[in-house]
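Worksheet for the structure shown next.
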2 protein chains.
Amino acid sequence: MSNSVPPRRATLSDVAAQAGVSRATVSLVLRDSPLVAEPTRARVRAAAERVGYLYNRGAATMRGTRTKTVGLVVTEIDNPFFAEMAAGVEAALDQAGYIAFLAATRDAPDRQDRALRRLREHRVDGIILCPALGTQVAEIATLAAHGVPCVQAMRRVPGSGGDFTAPANRAGMQALALHLIAAGRRRFAFAGAGVMHSGVRERLAGLRDALRRHRLPPPTLLRTPGTRAGGAATARLLAALPERPDALVCSNDVMAFGAIAALEQAGWRVGSEVAVTGVGDVPEAATYRPALTTLRTGPRQIGEAAVRLLLRRIADPGAPAERLVMPAELVVRASCGGGRRSA
Amino acid sequence: MSNSVPPRRATLSDVAAQAGVSRATVSLVLRDSPLVAEPTRARVRAAAERVGYLYNRGAATMRGTRTKTVGLVVTEIDNPFFAEMAAGVEAALDQAGYIAFLAATRDAPDRQDRALRRLREHRVDGIILCPALGTQVAEIATLAAHGVPCVQAMRRVPGSGGDFTAPANRAGMQALALHLIAAGRRRFAFAGAGVMHSGVRERLAGLRDALRRHRLPPPTLLRTPGTRAGGAATARLLAALPERPDALVCSNDVMAFGAIAALEQAGWRVGSEVAVTGVGDVPEAATYRPALTTLRTGPRQIGEAAVRLLLRRIADPGAPAERLVMPAELVVRASCGGGRRSA
DNA sequence: TGCGCCTTTTGGATCAATCTAACTAGCATC
DNA sequence: GATGCTAGTTAGATTGATCCAAAAGGCGCA
């Protein structure tokens, strides 16, 4: 079984010979052109079946048509957030007859360079990009200059222009903060990564908006990595503050999980003494104890939206740039001291 | 910026004209052939730089060389387990100059068919496949017959042969069961999906081995979906049993999380009254309360191993099939009643 | 000067599709 | 009988990199 000869792949010519027509006719039939008469069409179909013909997209691409491939560039795939976005992208692309190349940058611009270059070598029709921290505007401009459609997702390189989709970070965070304020919280801390990407900056801005509107002092900034460990690190920082905050707003769910565990270990009563919130609403958020109050950003929907924008751009490269802001829903759970239960 | 003309891409001929040499020479230079003299080499390099030349892999592919692409087919990307495996695959491929097409089957053979067909149309050099439930041997055989190297990962289609890599499910589960038995557990239940894939079957077999060896009765089988909800459903089933089990072995971590939450809600004391265990050791397992005893299967390592096997197979299609079983490490935590703490 | 030998370079064919323009029937119309 | 028109089909050029056989150039040696 394993040592059988790998047979030469059948080509258009083989099918043509079998059917007794020309290559051109076969090509037309395979692409469902109305130019071919029904009997011929049937003969060609049968011949293709007989010789086990398989379309060779590579050869087709050479004549200048589309590759029907798209590059999906994220910072990391193992991260429930991007994993879910990738799932949305994959599903939407599949439906459109496209398939995605997967690349991870681990937030390193040089790795991102390599990935983008490789994708261009493969002549992808477009790219969905969650830009790595420190990405220069020039990078994005290069893609545009080479005529490669690119949609930025989740984050955006400031001043880069072009299509973009992300959750309503600022408005969502405002809503979350207003809820906490209404529940009596007054002294806020915000946990975000040392170098913030645009999404985190927007969340922080939303929090500041709400506090300012209620004439409350701005949040204390805790600059720890956006990971579980980074969240845990905030416990020490909080304890060291002159005035204990009564609300810790984390820039993502995973940080919140780390923070809650560390805070409880240090004797804080999370939910009453201090409210802790996240962003994302990953599956773990609902079952975590205490269940996590968070902002549902719908990564899957964002992935689907990114595909919509990209396919539109591929179809019409001249269309004006579009920004698609997806609603972010406040999900209130026990970690901020109760309120109605929610899935 | 957005309405600048997308300039015609530079080709080998353009570079050749710039450098005053032939296409063939340029091709040799780009592929680092030792045949070209140093001065010429430098001249060509400079010319390529000047005209902004970008390698066109598609054209090269036509001459029969490799595409340097690989298909990664999993059941779902949003699933911490596969996400981490995908991360391992991506990293290993990147290092080898390859890039992966991503496809998700959602465990549906027809979707898998579509994906495999599309990958073959794109002439991938090989495929890493976590076969969907119900995949027929014929599917795998078709790939082999067409000379497409394929490595099965995590699961295997029974009787399909070929390369394969997965965690040591059976041995690992034996170790886990022995630990529980040594801790005094006697009445076991096993929660697995209704239709079990090979990995789950192996885990069940390992559990049965250990129980048989200690002359204990075989485990009660709970056939609920392999999800959080499926895990939660086991609580009702357990309560309905004539004799309450004192150990619930779940076929994956996510089920265990669902089970623990539901059992505690129903008044069971998890860890003392009943031990609950998972498989996978996803990040959530360490921070869950109670922390989850589980089998660390190292999905990232499995992804890397799959790439190793695949690249080997691509390089030497005639080599004998290889099965690579990755060690599964027992991680004891609070959910089985303590023992030493572990990360 | 001619010959062999080695290094370096090259033209042309090749891969498998698509595109263009032209060609063939068949039939009606003037 | 020439012309126009339509529907169906096709030969040949095209795409960009690679492979092959052969050519060009340089050098030493008889």
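Measuring gaps between exposed loop sites in chain B (trypsin sites (Lys or Arg not before Pro); DSSP loop; at most 11 other Cβ atoms within 10 Å), the longest gap, sites not included, is B:64-214.
Less than 5 angstrom separates the built amide H of residue A:321 from none of the residues sequence-distant by 5 or more or on a different chain. Annotation for residue B:137, label-to-label distances across the other copies: 6.3 nm (shortest first, one decimal, point 7 Å from Cα along Cα→Cβ). Amide H of residue B:126: which non-local residues (sequence gap of 5 or more, or other chain) have their own amide H closer than 5 Å, using H built in the peptide plane? Amide H neighbours of residue B:126: B:71. If you run the Gaussian network model on chain B, springs between alpha carbon atoms under 10 Å, then out of B:198, B:251, B:22 the most flexible one is B:22.
Residues of the range A:31-78 that bury at least 30 Å² of accessible area when the other protein chains are present, relative to the chain alone (probe 1.4 Å, heavy atoms, ligands and nucleic acids excluded): A:54, A:55, A:56, A:57, A:62, A:77, A:78. Relative to the other identical copies, residue B:195 shows label-point distances of 4.7 nm, where the label point lies 7 Å from Cα along the Cβ direction and values run shortest first. The A-B contact accounts for approximately 5100 Å² of buried accessible area, totalled over both chains at a 1.4 Å probe radius.
The label-point distance for residue A:273 and residue B:136, in a model that sets each label 7 Å from Cα toward Cβ, rounds to 6.4 nm. Between the helical axis of A:169-182 and the longest alpha-carbon principal axis of chain A there is an angle of about 30 degrees.
Across the range B:147-158, rounded Karplus estimates of 3J(HN,Hα) from the backbone phi angles (6.51 cos²θ - 1.76 cosθ + 1.60, θ = phi - 60°) give x, 9, x, 9, 10, 8, 10, 6, 10, 9, 6, x Hz, Gly and Pro being marked x. Helix B:80-95 and the longest principal axis of the C-alpha atoms of chain B enclose an angle of approximately 30°. Across peptide A:86-99, the mean count of Cβ atoms from other chains lying within 10 Å of each residue's own Cβ comes to 4. A dipole drawn for the protein assembly as shown from +1 and -1 charges on Cβ atoms has a positive end, and of A:326, B:174, A:42 the residue lying farthest that way is A:42. Residue by residue, the range A:191-204 carries 3J(HN,Hα) couplings of 9, x, 5, x, 9, 8, 7, 4, x, 5, 4, 5, 5, 4 Hz when phi is fed to the Karplus relation 6.51 cos²θ - 1.76 cosθ + 1.60 (θ = phi - 60°); x denotes Gly or Pro. Solvent exposure of the protein assembly as shown amounts to 43 Å² per residue of accessible area, where only protein heavy atoms count and the probe is 1.4 Å. Our coupling estimate for the range B:327-335, obtained by passing each phi through the Karplus curve with A = 6.51, B = -1.76, C = 1.60 and θ = phi - 60°, is x, 10, 9, 6, 10, 8, 9, 5, 5 Hz, Gly and Pro reported as x. Helix B:299-315 axis versus longest C-alpha principal axis of chain B: approximately 40°, rounded to the nearest ten. With label points set 7 Å from Cα along Cα→Cβ, the inter-copy distances at residue A:158 are 6.1 nm, sorted shortest first.
The values are calculated or read from the model by the stated rules, or taken from the named source; none is laboratory data. Bear in mind that the values here come from a model prediction, so they are computed numbers and not experimental data. Cβ coordinates were reconstructed from backbone atoms using ideal geometry, including for glycine residues, and neighbour counts include every protein chain displayed. With ligands, DNA and RNA removed, areas are computed over all heavy atoms of the protein, side chains included. Shrake-Rupley method; radii C 1.70, N 1.55, O 1.52, S 1.80 Å.
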